[in-house]
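J.: Handing you a structure now.
The values are calculated or read from the model by the stated rules, or taken from the named source; none is laboratory data. Computed from a predicted model, the values in this text were never measured in an experiment. No Cβ is skipped: glycine too gets one built from the backbone with ideal geometry, and neighbour counts run over all protein chains shown. In case anyone asks, the SASA skips ligands and DNA or RNA and just uses the protein heavy atoms, side chains included. Shrake-Rupley method; radii C 1.70, N 1.55, O 1.52, S 1.80 Å.
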Amino acid sequence: MKRVFAIHDLSGIGKCSLTAAIPIISAAGVECNPVPTAVLSTHTGNIEGYTFRDLTDDLIPYIRHWQKTGVRPDTIYSGYLGSERQIEAVLEIISVFSDNNPMIVVDPAMADFGVMYKGFEIEFAEKIRELCKEADVITPNVTEAALLTGTDYKADYDTDYLLTLINRLSDITKRYAVLTGVSDIPGKTGCLVFDKSENRHRFFTTDKCEGIYYGTGDIFTSVLTAVMTKGGDCFTAAEKALNFTYKSIYATFTEGTDTRLGVAFEKFLGDLI
Ligand code: PXL
């Protein structure tokens, strides 16, 4: 079996980060070894009063123990990181396992809708950029892509703007940039995949459900990571990830549940088996 080291926080409620990565990657038949960066009672988006236990000091001893056991990753996948020290720890983890030449997937989860997530300063983007430079695949949304490339954020963008962003992102990633939550068709959403080695891009499109759906970036990148770890190319993986994420959002949209609590991805895990 293939093996992914998933470096994210564990948020007890909200179905994002590890609580999305573990079931999704496992359902796809890939072993997911979690490296928890922090434990929170919920994610931090539009919910007050959450607990936050930082685990930064544990990360290197944790991974050194794995190194001694002889376990090696096929993929290292990082998501939401809480501090610059955590980014440094991920860089160290990548370097510790570099002999195995794992695929590196970095979701630079730090911002959305033109603003940084709660608790982040703008300097954080500079450091995440360093991490993205080590990645074979990066999966920013438009806000994150704008921050990473020093481009002005536009809420109302056109296709030229998206192509500018993706071209600038290609200077940061080693191979693929996947821009999430975008479309070249008005009223639709989806993603834009760019392969720098072949200078090729392609849009994938789905319908759009109105509302803010928390954790969906993590769900998307977890499916993408699983499929690519099994040998799928990035374009196929992005299409599968988009369809899975759309189905999960649509189920939540029609049920009308509190979207801060995450989307109903569990209903579709069978699709990944
Ligand atoms: O990737 C989303 C995410 C993950 N983890 C935590 C978050 C968020 C988004 O707000 O707050 C703790």
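J.: Roughly how many nanometres apart are two label points built 7 Å out from the Cα toward the Cβ at Tyr50 and Arg202?
T.: Label-label distance for Tyr50 and Arg202, simple model: 3.5 nm.
J.: Tally the DSSP beta bridges in the chain and give the antiparallel ones as a percent, rounded to 5.
T.: For the chain, the DSSP antiparallel bridge percentage is about 45.
J.: List the aspartates and glutamates whose Cα lies under 13 Å from the Cα of Lys174, skipping any in the same chain that are fewer than 8 positions away.
T.: Counting by Cα, and skipping residues close in sequence, Lys174 has these aspartates and glutamates nearby: Glu130, Glu134, Asp136, Asp195, Glu198.
J.: Counting pairs of alpha carbon atoms under 8 Å apart in space and at least six apart in sequence, what relative contact order in percent does the chain give?
T.: 18 percent
J.: What full-extension length gain, to one decimal in nm, is calculated for Thr69 and Ala155 as 0.36 nm per residue of separation minus the Cα-Cα distance?
T.: Residue separation times 0.36 nm, minus the Cα-Cα distance, leaves 26.2 nm.
J.: Still on this structure: Any idea of the accessible area per residue across the chain, 1.4 Å probe, to the nearest Å²?
T.: Each residue of the chain exposes 44 Å² on average to a 1.4 Å probe.
J.: I need the phi-derived Karplus couplings for region 118-125: 6.51 cos²θ - 1.76 cosθ + 1.60, θ = phi - 60°, integer Hz, Gly and Pro marked x.
T.: 3, x, 9, 9, 4, 4, 4, 4
J.: If you don't mind, there's one more thing I want to ask. Of the candidates Tyr214, Tyr80, Tyr117, which one comes out as most mobile in a Gaussian network treatment of the chain with C-alpha springs shorter than 10 Å?
T.: Tyr117
J.: Let me ask something additional. Using a 1.4 Å probe over the heavy atoms of the protein chains, calculate the carbon and sulfur portion of the accessible area of region 3-272 as a whole percent.
T.: Looking at region 3-272 in its full context, I get 48 percent from C and S.
J.: Which residue, Pro102, Pro61, Pro34, has the most motion in a Gaussian network model of the chain that connects Cα atoms within less than 10 Å?
T.: For the chain, modelled as a Gaussian network with Cα springs under 10 Å, the answer is Pro61.
J.: Further question: Would you mind getting me the FRET efficiency between Arg85 and Leu261? Use the beta-carbon distance for r and R0 = 22 Å, nearest 0.05.
T.: 0.15
J.: Within region 27-111, list the GluC sites (Glu not before Pro) lying in a DSSP loop whose Cβ has at most 13 other Cβ atoms in a 10 Å radius.
T.: Within region 27-111, the qualifying GluC sites (Glu not before Pro) (loop, at most 13 other Cβ atoms within 10 Å) are Glu48.
J.: For the chain, set up a Gaussian network in which alpha carbons nearer than 10 Å are linked by springs, and say which option among Gly231, Gly215, Gly79 fluctuates the most.
T.: Judging by the Gaussian network model, the answer is Gly231.
J.: Can I ask one more? Please list, in order, the residues from region 42-58 whose amide nitrogen is less than 11 Å from a point placed 7 Å along the Cα→Cβ vector of Asn100.
T.: Backbone N within reach: none found.
J.: Shifting gears a bit: What translational diffusion coefficient, in µm²/s and rounded to a whole number, does the Stokes-Einstein relation yield for the chain at 20 °C and a viscosity of 1.002 mPa s, taking the hydrodynamic radius as the Kirkwood radius over Cα pairs?
T.: 116 µm²/s
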